[in-house]
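The values are calculated or read from the model by the stated rules, or taken from the named source; none is laboratory data. Everything numeric here is computed off the predicted structure, so don't read it as measured data. When we count neighbours, we look across all protein chains shown, and the Cβ atoms used for this are built from the backbone with ideal geometry, even at glycine.
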Amino acid sequence: MTSEGSHDFARVRRIVKTDEFSSVFRLRPAQKTAHFVLYTRSNDLPHARLGVVVAKRFAPRAVTRNTIKRVTRELFRVAQLPAVDCIVRLARPVNTKQGPATNAALKATLRTEIQKLFSSQAPRAVAGPAP
């Protein structure tokens, strides 16, 4: 595997096992937005890992659920995150069966919220002494 900042989403960068999800969910949410909750836990790996939970009751159409997962993975790949396990969970409905499955406004909203979650976890630059 390559070092940090890799733009792939290989299996080693995913949280896939139930017990791994459970161990992260046991912790308090790190950040909340209007529709999402981010859970994080430090890991002993040289890279961050991602899990995405999108319940059918909050996004009834598969197109919407897949869009949410796709946008989340894309933003995770480009985020410079420390060695943490991140779980992004959809916590509130984003649309209904009657509305459009996806549109530009929905995608922009999702992108903004998920970017906010990941930027809250990005390593902070250590400021030197003030001159």
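Side notes on the structure shown:
- Qualifying positions in the stretch 103-124 - modelled with pLDDT of 85 or more and of a type in the set (G, A, S): A104, A108, S119
- In the stretch 23-42, the residues that are over 19 Å from T109 (Cβ atoms) and among the aliphatic types (A, V, I, L, M) form Cβ pairs under 9 Å with partners that are modelled with pLDDT of 80 or more and part of a loop (DSSP other than H, G, I, E, B), at six or more places apart or across chains, as follows: V24/I15.
- Going through (1) out of contact with any His (no Cβ under 9 Å at 6 or more places or on another chain); (2) hydrophobic (A, V, I, L, M, F, W, C); (3) within 20 Å of S119 (Cα to Cα) one by one, L81 falls short only on (1).
- Among the residues making up the stretch 76-105, those that are under 13 Å from F36 (Cβ atoms) and either crowded, with 19+ Cβ neighbours inside 10 Å or among the charged types (D, E, K, R) (or both) are F76, C86, I87, V88, R89, L90, R92, V94.
- Filter pass, R65 being at pLDDT 85 or above, surrounded by 15 or more Cβ atoms within 10 Å (Cβ to Cβ) and closer than 18 Å to T112 by Cβ: no
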